[in-house]
Amino acid sequence: GHHVSSQRMRSRRRELRTRHDITSFAPQFISIYESLTPSEEEKEKQKQLLQSLEKLIIKEWPNAQLHLYGSCANSFGASSCDIDVCLAISDGEIDKSKILLRLAEILQSDNLQDVQALTRARVPIVKLKDPATGISCDICINNILAVVNTKLLRNYSQIDHRLRQLVIIVKHWAKSRGVNDTYQGTLSSYAYVLMCIHFLQLRRPAILPCLQEMQPTYMVTVDGIECAFFDQVQKLEHFGSVNRESIAELLWAFFSYWAYHHDYANNVISVRTGGIISKQSKDWTRRIGNDRHLICIEDPFELSHDLGRVVDKFTIKILREEFERAAEIMQYDPNPSVRLFEPY
Ligand code: ATP
Ligand code: MG
């Protein structure tokens with residue numbers, strides 16, 4: 001009777017989902033992805049704001065340039081995200097604080113709202129809000145490396161559309177579950193993007209190549225760091241097509257990789273090499289200062305920089321439990337596209 005059938009239900013519930021089962025959830029994830037991506041109208045507003053900022057800035061610093069970076073430029077932005085702008089001023093010796101304070105003055109007198117110069121932050125910025133569009137914006141100075149890593153990320157997203165889907169869904173999951181906050185010891189959006197690129201480089205057949213291992217077609221030296229990679233990505237638009245995995249399968253495999261398969265004790269993920277390298281080879285085997293290296297994500301250009309260094313012994317536990325929860329939901333939950341994003 002009742003007892004037997006509920007037992008059977010339970011055992012059915014614990015049965016492993018197959019590739020086929022999981023793929024039936026793909027349309028639901030695609031529609032979540034679509035609801036998160038910004039509209040053309042929003043992109044247009046961002047462009048207009050950038051142009052009006054450019055006009056103001058050129059008056060004061062005729063040789064300056066404005067670059068967009070971060071999620072509004074790397075294609076991984078969700079709708080209504082803030083825009084990140086970099087003011088590039090190439091006059092040898094500059095006093096960033098002075099420029100930021102002057103910039104704040106100029107913006108304020110142009111009626112932009114909530115103008116604030118944060119000169120003592122790790123990355124000093126001016127914050128502002130455009131009353132016409134409601135868009136918030138952070139402006140930093142000469143952070144050219146961020147502009148270059150934004151280009152690398154965008155170039156990857158142009159190779160296979162599944163990267164953009166995966167990142168936007170993973171970021172939405174991380175924000176919903178409270179694990180996208182470096183101030184609280186969890187990971188930045190930038191770190192999650194690198195995790196997704198790395199993951200797609202490791203699929204077999206691979207969905208993404210390793211652009212930094214290919215013959216470079218783009219080369220710049222920034223702050224003494226040589227940044228070189230293949231950027232003619234239109235030539236790679238069929239690269240991943242042999243692999244037919246759906247977004248649902250990829251999400252399932254992504255979470256189970258970080259829940260059950262990644263070797264946290266010994267390995268570093270490296271988009272630069274397209275693979276996994278050892279902590280030993282980076283000398284990231286012990287805590288130095290505040291860098292604990294409990295989850296290791298190599299920056300593609302600043303090789304001494306571990307994006308996981310903000311994670312401590314408490315937050316590593318939270319992160320791994322969240323990866324396990326997500327993997328379990330993808331494996332067993334009758335309605336994974338709902339439970340995955342439940343607020344924590
Ligand atoms: P969100 O949509 O959450 O704002 P985002 O893509 O703008 O995501 P952030 O983590 O806010 O991501 O970072 C903005 C940009 O700053 C990144 O795209 C990257 O270029 C740069 N960046 C952020 N953190 C680092 C870091 N630790 N090292 C180097 N560059 C970084
Ligand atoms: Mg941002």
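Structure above, values below:
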item	result
Top of P216, P62, P300 by mean-square fluctuation, Gaussian network on the chain, Cα under 10 Å	P62
Structure-based [θ]222 nm, the chain - -39500 (n - 2.57) summed over DSSP H runs of at least 4, per residue, nearest 500	-13000 deg cm²/dmol
DSSP beta bridge pairing in the chain, given as percent antiparallel to the nearest 5	75
Accessible surface ranking that places the most exposed of D138, D95, D223 first, with a 1.4 angstrom probe	D223, D95, D138
Amide proton proximity set for C296, modelled H, under 5 Å, gap of 5+	I269
P(r) histogram, all alpha-carbon pairs of the range 295-344 included - 10 Å bins from 0, percent	23, 34, 29, 13, 1
The range 192-307 shape via C-alpha gyration tensor axes, a/c threshold 1.5	oblate
Difference of contour (0.36 nm per residue) and Cα-Cα distance, R244 to T37	72.2 nm
Crossing angle, helix 2-13 versus the chain [Cα axis fit, 0-90 degrees, rounded to tens]	50
Residue-wise HN-Hα coupling along the range 297-313, computed from phi with Karplus coefficients 6.51, -1.76, 1.60 (Hz; x: Gly, Pro)	10, 6, 5, x, 10, 8, 5, 8, 9, 9, 5, x, 5, 6, 7, 10, 5
Sequence of H161, H67 from largest to smallest accessible area, 1.4 Å probe	H161, H67
Within the range 146-178: backbone nitrogen closer than 20 Å to the M214 label point (7 Å, Cα to C-beta)	148-167
Residues in the range 171-202 reached by a label modelled at N267 [backbone nitrogen below 16 Å; 7 Å Cα→Cβ]	194-202
Three-way shape label, the range 142-259, alpha-carbon gyration tensor, a/c 1.5	oblate
Volume of the Cα convex hull of the range 40-142, divided per residue and given in Å³	98
Karplus-derived HN-Hα couplings along the range 227-237 (A = 6.51, B = -1.76, C = 1.60, θ = phi - 60°), whole Hz, x at Gly and Pro	10, 9, 7, 7, 10, 8, 6, 4, 6, 10, 5
Average accessible surface area per residue within the range 212-344, 1.4 Å rolling probe, Å²	51
Viscosity 1.306 mPa s, 10 °C: Kirkwood-radius Stokes-Einstein D of the chain over Cα pairs, µm²/s	73
Kirkwood-based Rg to Rh ratio, the range 146-339, C-alpha trace	0.95
Restraint check, K282/K317; K98/K151; K45/K235; K151/K235; K45/K129, Cα-Cα greater than 19 Å	K282/K317; K98/K151; K45/K235
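The values are calculated or read from the model by the stated rules, or taken from the named source; none is laboratory data. Just so it is clear, the model here is predicted, and its values are computed rather than measured. All Cβ positions, glycine included, derive from the backbone under ideal geometry; neighbour counts span all protein chains shown. Just the protein is used for accessible areas: all its heavy atoms, side chains included, with ligands, DNA and RNA removed. Shrake-Rupley method; radii C 1.70, N 1.55, O 1.52, S 1.80 Å.
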